[in-house]
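Just below is one structure, and these are the notes that go with it.
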Amino acid sequence: MTKLPSLFLVLTLVSIFVCGFGKRIPILSFDEGYSQLFGDDNLVLHRDGKAVHLSLNERTGSGFVSQDLYLHGYFSASIKLPADYTAGVVVAFYMSNGDMFEKNHDEIDFEFLGNIRGKDWRIQTNIYGNGSTSVGREERYNLWFDPADDFHQYTILWTDSQIIFYIDNIPIREFKRTAAMGGDFPSKPMSLYATIWDGSDWATNGGKYRVNYKYAPYVAEFSDLILHGCAVDPIEFSSKKCDTTSQSLELSATITPSQRSKMDSFRRKHMRYSYCYDQTRYKVPPVECVINPREAERLKRFDPVTFGGRRHHGKRHHRGRASRSEADTI
């Protein structure tokens, strides 16, 4: 396994400016930082390895994974999603150590949920720590653009004290570690993954609308791949470089007043679900939740059954897996 110091010596000279770091972070080619996870020839490299196409067809989906494990870091990709009818299709850009810690894994997710023609893609973020899958920490949003029209940058910033999700350098979610959470905050080294797969059983309207393979192949395009973090030994899960890297990340994780204003605006206009306000799942919000009265009132007006505690008098509203709980509404 390639270690981070030697990896940075062979990085491409191409780089992008990352808001908050005050410097340019190099962009990796595929072979410098990633390996194919599954999908055979459904993974295709373009632009001399600077771009990756993942496709889903009747035979299989596809995916790739970072060559190294990381303990904290800045992880980013520009992604263009499939267009037209995409119901049941799931594209994921996420961190996980589930292959090493089956019963107590950590996970930090961007999930993109396809839809029927004429309806927009939905985006979902989620966080697990120490196998805490019984507590889904999902938030779901609409977007202010069509993610199938062009590339947009999606970023996970993970430090020892917080996790921030960004879209086009705008923070959309800030998740802070609290003492009450204990081990539920992701704290073990993870790999970075990107996948496309068939989520017909849950992804669109609770499985009502499924992948239609007459529109295949579904192709998700990835470029501007960034792995900027502390690579750790896969056996000892440690690195002498981690303390310095973690300090740098913590300094970079400060949300400026301008960024916070943009984040508040995004959440006010585009957030459609947050587990913290879901009274059908949690009679008492999970310990890490900080309740914003304005968010609570807006979500209650949007869905009085889920967020207002009002009883549903019609057909019972069934939920899927904890991590997919709000995938049932177009």
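The values are calculated or read from the model by the stated rules, or taken from the named source; none is laboratory data. Predicted model only: the values in this text are computed from it and were never measured. Heads up, the Cβs are rebuilt from the backbone with ideal geometry, glycines too, and the neighbour counts pull from every protein chain shown. With ligands, DNA and RNA removed, areas are computed over all heavy atoms of the protein, side chains included. Shrake-Rupley method; radii C 1.70, N 1.55, O 1.52, S 1.80 Å.
Per-structure values
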quantity: Other-chain or far-sequence residues with amide H under 5 Å of residue 162's (modelled H); calculated: 177
quantity: Estimated FRET transfer efficiency (residue 254, residue 289; beta-carbon r; R0 22 Å; 0.05); calculated: 0.50
quantity: Estimated FRET transfer efficiency (residue 298, residue 178; beta-carbon r; R0 30 Å; 0.05); calculated: 0.80
quantity: Accessible area of the range 137-197 divided out per residue, in Å², using a probe of 1.4 angstrom; calculated: 30 Å²
quantity: Accessible surface, 1.4 Å probe, highest first, among residues 302, 110, 151; calculated: 302, 151, 110
quantity: Theoretical FRET efficiency, 1/(1+(r/R0)^6), r = Cβ-Cβ of residue 268 and residue 119, R0 25 Å, to 0.05; calculated: 0.70
quantity: Sequence of 300, 269 when ordered by accessible area, the most exposed leading, probe 1.4 angstrom; calculated: 269, 300
quantity: Chain lengthening between residue 305 and residue 187 when straightened (0.36 nm per residue, less Cα-Cα); calculated: 39.0 nm
quantity: Accessible area of the range 78-227 belonging to carbon and sulfur atoms, whole % at 1.4 Å probe; calculated: 43 percent
quantity: Convex hull volume per residue for the range 30-302, taking Cα atoms only, in Å³; calculated: 141 Å³
quantity: Label-point separation, residue 160 to residue 35 (7 Å along Cα→Cβ), nm; calculated: 3.0 nm
quantity: Under Karplus coefficients 6.51, -1.76 and 1.60, residue-wise ³J(HN,Hα) of the range 163-170 in Hz, glycine/proline x; calculated: 10, 10, 9, 10, 10, 6, 6, 9
quantity: Segment residue 282-residue 104, length gained on full extension (0.36 nm per residue, minus Cα span); calculated: 61.9 nm
quantity: The range 102-115 - phi-based ³J(HN,Hα) in whole Hz, Karplus 6.51/-1.76/1.60, Gly and Pro as x; calculated: 5, 9, 9, 7, 10, 7, 9, 10, 9, 10, 10, 10, x, 8
quantity: HN-Hα J in Hz across the range 87-101 - Karplus 6.51, -1.76, 1.60, θ = phi - 60°, x for Gly and Pro; calculated: 3, x, 7, 10, 10, 10, 10, 7, 10, 7, 10, x, 6, 9, 10
quantity: With DNA, RNA and ligands ignored, accessible area of residue 140 (1.4 Å probe; Å², nearest 10); calculated: 20 Å²
quantity: Exposure of residue 100 as accessible area (Å², to 10), given a probe of 1.4 Å and all protein chains; calculated: 70 Å²
quantity: Average accessible area per residue (Å²) across the range 61-110 - probe 1.4 Å, nucleic acids and ligands excluded; calculated: 24 Å²
quantity: The range 30-302: relative contact order as a whole-number percent, Cα under 8 Å and 6+ apart; calculated: 26 percent
quantity: Order of exposure, largest accessible area first, which applies to 230, 289 with probe 1.4 Å; calculated: 289, 230
quantity: Directionally averaged shadow of the range 153-239, computed from the convex hull of its alpha-carbon atoms, nm²; calculated: 8.9 nm²
